[in-house]
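Read-outs: derived from the displayed coordinates by stated rules, not from any lab. Bear in mind the structure is a predicted one, so any value in this text is a computation, not a measurement. Note that each Cβ is placed from the backbone with ideal geometry, even for glycine, and that neighbours are counted across all protein chains shown.
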Amino acid sequence: MLKGINPLLNADVLQALRAMGHGDDLIVADTNFPSDSVAKQTVHGKLLRIDAPAAEVVKAVLSLYPLDSFVNDAAARMEIVGKPNEIPPVQKEVQKEIDAAEGKAWPMISIERYAFYERAKKAYCVIQTGERRFYGCFAFRKGVVPPDAE
């Protein structure tokens, strides 16, 4: 245990988050996502796990991970097949965590399922959660941490 760091963030996840740079993508995926096979194609090359619901994982990650304010797709969700405008409860819960972490309403774009898979394959890493609800899959583009004020 460390003070000030959410205990869901294990050593492997912390190392990956620290290693990522501005513009790198992080995928947070539900239990049905093909996480292992996709993770093998990412920069990190191996699957990371946090066995908790998606919103809890996103809250933990965003406690340390800045979103990219220079792009409009820094937060993205996988669309429901055939219902691209429908937002299920799991995605609403994650949206609340994004807004809370950023201190304001933050846009989350939707990405068609197969386009999401392609974005995931190009990501830095994949964290598979314990989320069992469908469409609990998200992409987050890393932003920057500004220098301390003088």
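General remarks:
- Cα-Cα over 29 Å, subset of 3/46; 46/83; 83/104; 92/122; 83/122; 3/40: 46/83; 3/40
- For the chain, calculated [θ]222 nm from helices alone, where every DSSP H run of n ≥ 4 adds -39500 (n - 2.57): -8500 deg cm²/dmol
- Listed peptides 107-113, 94-100 by packing density, highest first (mean Cβ within 10 Å): 94-100, 107-113
- Of 23, 48, 76, farthest towards positive along the dipole that unit charges on Lys, Arg, Asp, Glu beta carbons give region 11-141: 48
- For the chain, share of DSSP beta bridges that run antiparallel, in % to the nearest 5: 45 percent
- Length-normalised contact order for region 11-141 - Cα pairs under 8 Å, 6+ apart - percent: 50 percent
- Dipole magnitude for region 11-141: about 160 debye, using +1 per Lys or Arg Cβ and -1 per Asp or Glu Cβ, origin at the Cα centre.
- D (Stokes-Einstein, µm²/s), Kirkwood Cα radius, region 1-125, 1.002 mPa s at 20 °C: 142 µm²/s
- Gaussian network model of the chain, springs between alpha carbon atoms under 10 Å - residue of 53, 88, 66 with greatest fluctuation: 88
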